[in-house]
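The values are calculated or read from the model by the stated rules, or taken from the named source; none is laboratory data. Worth saying up front: this structure is predicted, and the values here are computed from it rather than measured. Here the Cβ positions follow ideal geometry from the backbone for every residue, glycine too, while neighbour counts run over all protein chains shown.
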Amino acid sequence: MKGFLAYVPAGFPDLKTTGEILEKLNDLPITGVEIGIPFSDPVADGPVIQNAYKVAAENGVNLAKILDLVENLNLNYDVYIMSYLNPILNFPQGLPQLLRRLGRINIKGLIIPDLPACETENIALNFPTVLFLAPNSTEKEMEIVNQKTPPFVYYIARYGTTGVKSDIPGISKIREMKRKIKSPLFVGFGISERRHIKRLWEVADGVIVGSALVEEMAKPPAKTVAVRVCRKIKGLLGV
């Protein structure tokens, strides 16, 4: 079995349920979790995740509350914080304190959709940061990524925003990217079925599943969300 990263939007349907999901995922053979930080203008995310962010923001969930939650959990998988750049740079206690806290609670890296690889020199985060590549990424962008050696590369498998899709993205392009990139290559955007994952595991180091899990989180009642999300992931993994 290769890598599997689950996306969990913090605060959806509420922060208590998020904690239950994160704890329940300890029972599964996953690589890690991307914890999504609510943001008002999530340009890379489709309607399913946009709605989750809206609900979370209305619940008053923010980066500080999410870190409080994670700090009090005992999780046996890698945890990444997925946030747009603004909440990170404008953290109330300041960026240096935020980065120190991320390190203290063992966050493995930041995932920032609106931070292109070519801009990383201008934003000195001094923290492991996952970088993005796509089918139209240039050789120069790939070179920058290889110089940065991120924890993994998030390969955007298709143009547009996130969301459940039925087709499998271009395998030949993923295979080509895998040959050129030194860091582990994880494929995301539209990965929602077991057959997607089996095929992508043949050419990449792992997959990222988001909207298909968030759809489960949107179904009532909240008290069964964690169990249903884990059941969904088991089906995707074939375990």
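Checking every residue in the stretch 71-86 against the condition of being of a type in the set (Val, Ile, Thr) and over 20 Å from GLY188 (Cα atoms) gives zero matches. The single condition among (1) farther than 18 Å from THR149 by Cβ; (2) in contact (Cβ under 8 Å) with a residue 60 or more places away in the chain that TYR80 does not satisfy is (1). Screening VAL214, VAL239, VAL207, VAL229 for residues that are aliphatic (A, V, I, L, M), over 18 Å from the mean Cα position of the chain (by Cα) and under 26 Å from THR17 (Cβ atoms) leaves exactly one candidate, VAL239. For the stretch 136-161, a tally of residues being crowded, with 16+ Cβ neighbours inside 10 Å and not in a helix (DSSP H, G or I) returns 11. For the stretch 178-196, residues that are over 15 Å from the mean Cα position of the chain (by Cα) and either surrounded by 23 or more Cβ atoms within 10 Å (Cβ to Cβ) or among the charged types (D, E, K, R) (or both) total 7. Yes or no: PHE189 touching a Gly at 6+ places or on another chain (Cβ under 9 Å), under 30 Å from PRO13 (Cα atoms) and at pLDDT 95 or above? Considered against the rule, which asks whether it is touching a Gly at 6+ places or on another chain (Cβ under 9 Å), under 30 Å from PRO13 (Cα atoms) and at pLDDT 95 or above, PHE189 comes out as no.
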